[in-house]
Amino acid sequence: MPKTILVAGATGKTGRHLVQTLLDQGQSPIALVRESSDTSTLPEGVALRQGDLTDLQPGVCEGVDVVVFAAGSGGSTGPEMTEKVDRDGAIRLVNLAASAGVERFVMLSSIGADQSDPEGDLAHYLKAKHAADEHLKGSSVTHAILRPVALTDGDESENVVLGENVDKTAKAARADVARLLAEAAITGRFDGKALDMQSA
């Protein structure tokens with residue numbers, strides 16, 4: 001039986017891959033979109049649900065089996081928007097998913113987000129992702145967390161590496177990330193796990 005899967009970040013590069021993958025697998029994706037979102041890039045057959053990650057309203061997860069957070073504030077925004085979307089928006093969505101009795105929450109995180117006090121250019125972003133990941137782990141919702149290395153728009157690979165053997169300087173194709181997010185959402189293969197990931 002197909003699952004109804006709410007995708008936050010559906011209009012982003014990885015999100016578009018994800019909703020197409022879910023459709024191809026016979027699932028029922030719902031794209032969580034802002035009023036100003038450009039939905040023209042979404043594939044036909046994707047339902048839309050209005051919601052802004054900086055101000056999510058109760059009920060956004062109603063009637064949903066699984067939630068996938070594949071959103072991001074983007075590299076061109078400042079620390080304030082990173083906190084509003086990547087940390088606070090994700091945490092709010094986890095809480096709403098828990099209240100709605102959603103069976104699973106899949107988080108697209110980032111390599112390095114397992115560190116509580118990261119350093120470097122991405123420190124602020126990784127702190128936000130770390131806070132969201134930790135909140136999800138502590139919630140009542142069954143969860144899976146995927147932490148890919150640097151994303152590329154390259155072709156899907158036949159192979160991926162997961163876990164401790166990931167090369168943190170490697171690349172991850174968005175298509176591979178989307179495929180694993182879909183698998184996590186549908187099958188529960190990664191339930192209870194937080195996994196680093198790269199394309200092989």
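The values are calculated or read from the model by the stated rules, or taken from the named source; none is laboratory data. Since this is a predicted model, take the numbers as computed values, not measurements. Ideal geometry is used to build each Cβ from the backbone, glycine not excepted, and the neighbour counts take in all protein chains shown.
Within the stretch 27-49, residues that are of a type outside the set (K, R) and at pLDDT below 95 sit with their Cβ atoms under 8 Å from residues that are assigned to a strand (DSSP E or B) and buried (at least 19 other Cβ atoms within 10 Å of the Cβ), at 6+ positions apart or across chains, in these pairs: T39/A31; T39/V33.
When G138 is tested against (1) of a type in the set (G, A, S); (2) closer than 21 Å to R87 by Cβ; (3) buried (at least 16 other Cβ atoms within 10 Å of the Cβ), exactly one condition is not met: (3). Has the stretch 136-143 got at least one residue that is under 25 Å from A200 (Cβ atoms), in a helix (DSSP H, G or I) and in contact (Cβ under 8 Å) with a residue 12 or more places away in the chain? No, the stretch 136-143 contains no residue that is under 25 Å from A200 (Cβ atoms), in a helix (DSSP H, G or I) and in contact (Cβ under 8 Å) with a residue 12 or more places away in the chain. Would you say E62 is free of Cβ contacts under 8 Å to residues at least 12 places away in the same chain, out of contact with any strand residue (DSSP E or B) (no Cβ under 9 Å at 6 or more places or on another chain) and either more than 21 Å from L151 (Cβ to Cβ) or hydrophobic (A, V, I, L, M, F, W, C) (or both)? The answer is no for E62.
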